[in-house]
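What follows is a short report on a single structure.
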Amino acid sequence: MKFCSVCGATVELAIPAGDSLPRHVCPQCGTIHYQNPKLVVGCIAEWQDRILLCRRSIEPRYGLWTLPAGFMENGESTSQAAIRETLEEACARVEVKQLFSLVNVPHINQVHLFYRARLLDTDFAAGLETLETQLFSEGCVPWQSLAFQSVTLCLQAYFADRRRGRFGVHESSIGRRGEQSGAAHCPQVLPSS
């Protein structure tokens, strides 16, 4: 950040009084510009024993498969963001069930949240950011062509939970080089309500 969005003056990097981290501070008007992680929110949209995936028509990862997801907007809840993104990317209507996966991606200042959701019908299609949409059973998921590690971690946990017959809430972190952090590189499973 170079300029204050309030008054247009050049900002300085400084640690404000009562804070412990450097922030962009405007010496002219005193505004402190906080920069916080972005939330990426999406759905594991289920239809019988299959899940809905989208093949991306945009960068990054053009042509690879992902769960319908995207950046949360101001003024919406995380579940509303998941529903909206699924509608935008896959033209699919869903009923959100529960939060399923939280993946921390601190090196790019993001947190990825995925909800389990039920497809309300099979009337889905490619949205503006999608080349195609398709339902996949576990054995047919294009694992080598998934766009993001957070999606891979989420789907691995989902299918493992489905085989166990109970779904938890999973938390994991991805490091700068793609390595997963946590005990034995396994996502933490928390009981769900």
Search the range 136-159 for residues that are within 13 Å of Ile51 (Cβ to Cβ) and pair each with any residue that is surrounded by fewer than 17 Cβ atoms within 10 Å (Cβ to Cβ) and of a type in the set (Asp, Glu) when their beta-carbon atoms are under 6 Å apart and the residues are at least 6 apart or on different chains. Ser137/Asp49; Phe159/Glu138
Would you be able to tell me the number of residues in the range 104-126 that are under 23 Å from Gly168 (Cα atoms) and in a loop (DSSP other than H, G, I, E, B)? 1
Hits in the range 160-179 (condition: under 20 Å from Leu53 (Cα atoms) and β-branched (Val, Ile, Thr)): none
Pairs, first within 30 Å of Cys54 (Cα to Cα) in the range 27-42, second surrounded by fewer than 13 Cβ atoms within 10 Å (Cβ to Cβ) and among the polar types (S, T, N, Q), C-beta under 7 Å, six or more apart: Pro37/Asn109; Lys38/Asn109
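For the range 57-86, give me the residue count where each residue is outside any loop (DSSP other than H, G, I, E, B) and surrounded by fewer than 20 Cβ atoms within 10 Å (Cβ to Cβ). Talk me through it step by step, then tell me what you get.
Filtering the range 57-86 for residues outside any loop (DSSP other than H, G, I, E, B) gives 65-66, 69-71, 78-86.
Filter again for surrounded by fewer than 20 Cβ atoms within 10 Å (Cβ to Cβ), leaving 70-71, 78-80, 84.
Residues that pass the stated criteria total 6.
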Quick check on my filter: what residues within the range 159-193 are modelled with pLDDT under 95 and part of a loop (DSSP other than H, G, I, E, B)? Gly175, Arg176, Arg177, Gly178, Glu179, Gly182, Cys186, Pro187, Pro191, Ser192, Ser193
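Can you confirm whether Gly42 is in contact with a helix residue (DSSP H, G or I) (Cβ under 8 Å, 6 or more places away or on another chain) and not basic (Lys, Arg)? Explain how you work it out, then say what you get.
Numbers: in contact with a helix residue (DSSP H, G or I) (Cβ under 8 Å, 6 or more places away or on another chain): yes; not basic (Lys, Arg): yes.
Spelling it out, Gly42 is indeed in contact with a helix residue (DSSP H, G or I) (Cβ under 8 Å, 6 or more places away or on another chain) and not basic (Lys, Arg).
The values are calculated or read from the model by the stated rules, or taken from the named source; none is laboratory data. From a predicted model like this one, the values you see are computed outputs, not experimental measurements. No Cβ is skipped: glycine too gets one built from the backbone with ideal geometry, and neighbour counts run over all protein chains shown.
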